[in-house]
Amino acid sequence: GAGVSQTPSNKVTEKGKYVELRCDPISGHTALYWYRQSLGQGPEFLIYFQGTGAADDSGLPNDRFFAVRPEGSVSTLKIQRTERGDSAVYLCASSVTSGATYEQYFGPGTRLTVT
Amino acid sequence: AQSVAQPEDQVNVAEGNPLTVKCTYSVSGNPYLFWYVQYPNRGLQFLLKYITGDNLVKGSYGFEAEFNKSQTSFHLKKPSALVSDSALYFCAVRDMATGANNLFFGTGTRLTVIP
C-alpha cells in the first residue's frame, strides 16, 4: 500500500519568506508526527497530532512554526519568516494510533534550504 | 530526561561477517526501543522494536536486537552482513514515564559493508 508522502521533496526559499510543507499519512492512521533532521543528527520531534488536534507541540522551536491537520488526514507544517537556521530535512510520520507500542512510519522528507 | 547514545559514528564490516551497531539509552521509566534504517534520499524505515517480553527481538532483513536492562543497551545485530545493509542506522526510545508519544533518536551510525 501507499506509504507516507511528502511534498515538495525539495524547497529552496529566501530568508524571511513563508513556506508550507505538506504530509499525506498512510490511510487510516490517526496519529501524525513532524520531525526535523539537521545534517549529521537524528530526527528531532516537533509536533504530534491525534486526529485533528495537536496533542503535543512541545518540540516546535518558536512561534514562527505552526502545523495544522484540519480533517484529520493531511497535515501542513507552516514556517513564517524563515531563517537560515531552519534549513533541514522535515520528516513526517504516521502510526495506526497514538498507542506507545505502535511504530511510526516515515515519509521521504522535505529538504528545506533557506538562502 | 531521556537520551539515546550511539557511540560509533561509523562502523565498517566485511561482507559475510557479523555486525553490531551499539545503542544505549537513559529514561525515567520503562523504555520502548526502536531501530530504524535510512537509505540515501529515502525516509526512515522501521526495522524492529522492543516493548516487553523476550529480550531478543527479531526484525526485518535478518536484523535482531537484544534488550539489556542492566546495561541499558539495545544493540542491533545481524549474523552475516550484506553490502546492501550499508546505510544509516538510528536507535530511538520512547520513555513511558513521560507519557509522550514521540520518539527520541540517537545521532545515527553509518554502517558500511565492504565487499
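Kirkwood hydrodynamic radius, the protein assembly as shown, all distinct C-alpha pairs: what's the number in Å? Don't skip to the answer; put the middle values down first.
Numbers: mean 1/r = 0.0552 Å⁻¹.
About 18.1 Å, per the Kirkwood formula over Cα pairs.
Report the local net charge at B:Val27: Lys and Arg +1, Asp and Glu -1, summed over other residues whose C-beta lies under 13 Å from its C-beta. Show your work: numbers first, answer last.
Numbers: positive: B:Lys69, B:Arg94; negative: B:Asp95.
Charge balance near B:Val27 sits at +1.
Partner shielding of B:101-110 amounts to 6, given as the average count of beta-carbon atoms from other chains within 10 Å of each residue beta-carbon.
Think of the protein assembly as shown as having a plus end and a minus end, set by charges on the Cβ of Lys, Arg, Asp and Glu; of A:Thr13, B:Gln38, B:Ser84, A:Thr13 sits farthest toward the positive end of this dipole.
Give me the net charge of B:Val13's neighbourhood, meaning all other residues with Cβ under 10 Å from the Cβ of B:Val13; Lys, Arg count +1, Asp, Glu -1.
Computed value for this residue: -1.
Taken one residue at a time, the phi angles of segment B:11-20 give Karplus couplings (6.51, -1.76, 1.60, θ = phi - 60°) of 10, 10, 8, 7, 4, x, 7, x, 10, 9 Hz. Gly and Pro are set to x.
Taking the Cα centre of segment B:3-114 as origin, sum charge times position over the Cβ atoms of Lys and Arg (+1) and Asp and Glu (-1), and report the length of that vector in debye to the nearest 20. Can you show the working numbers first?
On the way: 9 positive and 8 negative charges, 31 e Å.
With only Lys, Arg, Asp and Glu charged at Cβ, the dipole is about 140 debye.
Excluding residues fewer than 8 places away in the same chain, name every one of the aspartates and glutamates whose C-alpha is closer than 18 Å to that of B:Lys69. Output for B:Lys69: B:Asp54, B:Asp95.
Taking the inverse of the mean 1/r over every pair of distinct Cα atoms in chain A gives a Kirkwood hydrodynamic radius of 14.0 Å. In loop segments of segment A:1-81 as defined by DSSP, the GluC sites (Glu not before Pro) with at most 11 further C-beta atoms inside 10 Å of their C-beta are A:Glu14, A:Glu71. When only Cα pairs below 8 angstrom with a gap of at least 6 residues are kept, chain B shows a relative contact order of 38 percent.
For segment B:3-114, the convex hull drawn through the C-alpha positions has a volume of 94 cubic angstrom per residue. Model label sites at A:Arg81 and A:Tyr18, defined 7 Å from Cα along the beta-carbon direction, differ in position by 1.3 nm. Neighbours of A:His29, meaning other residues whose beta-carbon lies under 12 angstrom from its beta-carbon, give a summed charge of -1 when Lys and Arg score +1 and Asp and Glu score -1.
The distance separating the Cα centre of segment B:54-73 from that of segment A:71-115 comes to 28 Å. The mean number of Cβ atoms from other chains found within 10 Å of a Cβ in peptide A:104-114 is 3, as a whole number.
Cβ-Cβ distance of B:Ser84 and A:Ser27, R₀ of 30 Å, FRET efficiency by 1/(1 + (r/R0)^6): the value works out to about 0.55.
None of the figures in this text is laboratory data; all of them are computed from the coordinates on show. All values reported here derive from a predicted model rather than from experimental measurement. Cβ atoms come from the backbone with ideal geometry, glycine included; neighbour counts cover every protein chain shown.
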